[in-house]
Amino acid sequence: MKSMIFVASMTAALLALPVSAQQGPAGVPGAPGLAETAKAAPPATQARHGRRGPPDCSGAKDIEQCKARQEAHRTAREACKDKSGAARHQCMHQQAKNFDCSKARNPQRCESRKLAYATCQAKTGPQFKQCVQQNMPAVDCSLSADAARCEQHQRAREQCQDKLGPEHRQCLRNVLTPKK
């Protein structure tokens, strides 16, 4: 008799197992009605997905440059608003090439960077970065606020120019940090 009760209770438990493992309306196992009690997150806590808005230029070192950069980005977004995915990415890069370097902090450096980007446009990833580094002219350290530090960084860039990625960063660290 006891074995018969045991077998009957085990059978009932095993038959009820698939029913209890089914998903409830909220996608949570065994939680019927949870979807009705769960509330959507308020708009302020939802992810903004890149819609941060323009940064506040009042704290920038060069307020005019900050506003010029915002204006350039706004015009690029307007020009590419009807595109999406890779086409939008390509459009934004094309608009960046059209940036007016006269509004940049260092117009000569801006022009040389645009030229280096044009030279290296066929490359991607680490090879692109290395190509740009090699095609950029050396910085004039006499115009820098800290000429000794500028020259130290130039030497580090020259010593590490043949390395890529983590090796490049480690090389820069080794050259720039003082030996203890």
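None of the figures in this text is laboratory data; all of them are computed from the coordinates on show. This structure is a prediction, so every number in the text was calculated from the model and none was measured. Note: ideal-geometry Cβ built from the backbone for every residue, glycine included; neighbour counts use all protein chains shown.
First check a/c for segment 103-180, with a ≥ b ≥ c the square roots of the eigenvalues of its C-alpha gyration tensor; if it is under 1.5, answer rounded, and if not, answer prolate when a/b is larger than b/c or oblate otherwise.
Cα axes put segment 103-180 in the oblate bin.
Maximal additional length on extending the residue 148-residue 97 stretch stands at 15.1 nm, based on 0.36 nm per residue less the C-alpha distance. Only one residue of 132, 177, 164 has its Cα farthest out toward the positive end of the dipole of segment 131-180, where Lys and Arg carry +1 and Asp and Glu -1 on Cβ, and that residue is 177. In terms of distances greater than 27 angstrom between alpha carbons, the cross-link table entries 61/81; 123/179; 83/123 yield 61/81; 123/179.
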